[in-house]
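Just below is one structure, and these are the notes that go with it.
Derivation of every value follows stated rules applied to the coordinates shown; laboratory data play no part. Note that the structure is predicted; figures quoted are calculated from it, not measured. Ideal geometry is used to build each Cβ from the backbone, glycine not excepted, and the neighbour counts take in all protein chains shown.
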Amino acid sequence: MAQACAVKSLKLTQCTVLNEEKLKQIFKEHDKNNDGLLSKAELKAAFNSLGSIIPSIPAFIGLFLADSNGDGFIGEDELNALAKYAHKMGYTVK
């Protein structure tokens with residue numbers, strides 16, 4: 001499970017698990033070329049920003065689970081499945 005909370009003086013700061021809508025917003029912000037599709041590189045950058053230690057792994061899994069048409073990209077119609085996966089993984093903000 002992903003945790004992106006900071007540790008201060010050996011105490012874990014309070015974290016909030018991101019909801020699916022916020023996750024979708026974060027993923028959309030990583031569509032750097034504004035083509036409406038998320039590439040594997042854009043997914044990797046998004047998971048990196050969410051605090052993933054090895055972002056290529058959740059990017060690969062997210063693409064595998066959400067890419068229903070098999071084109072190698074996450075489109076608007078596939079974003080819900082990606083957000084559900086990321087939410088299930090428990091990504092947080094402090």
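From largest to smallest, what semi-axes in whole angstrom does the stretch 7-93 give when each is the square root of 5 times an eigenvalue of its alpha carbon gyration tensor?
Square roots of five times the eigenvalues give 24, 12, 12 Å.
Provide the per-residue ³J(HN,Hα) series for the stretch 15-25, in order, calculated from phi with Karplus coefficients 6.51, -1.76, 1.60 and θ = phi - 60°, each as a whole number of Hz, with x at glycine and proline positions.
10, 10, 6, 6, 7, 5, 5, 5, 4, 4, 4
Quick one: which residues, 5 or more positions from residue 38 or on another chain, have an amide H under 5 Å from its amide H? H modelled 1.01 Å from N in the peptide plane, none for Pro or chain starts.
The list, which skips near neighbours in sequence, is 74, 75.
Between residue 92 and residues 5 or more places away or on another chain, which pairs have amide H atoms under 5 Å apart, with H built 1.01 Å from N, and which residues are they?
Correct list: 4, 18.
Where Lys and Arg each count +1 and Asp and Glu each count -1, what net charge lies around residue 38 among other residues with Cβ under 13 Å from its Cβ? List each step's numbers first, then the result.
On the way: positive: 24, 28, 32, 40, 44; negative: 29, 31, 35, 42, 67, 71, 76, 77, 78.
Counting the neighbours of residue 38, the net charge comes to -4.
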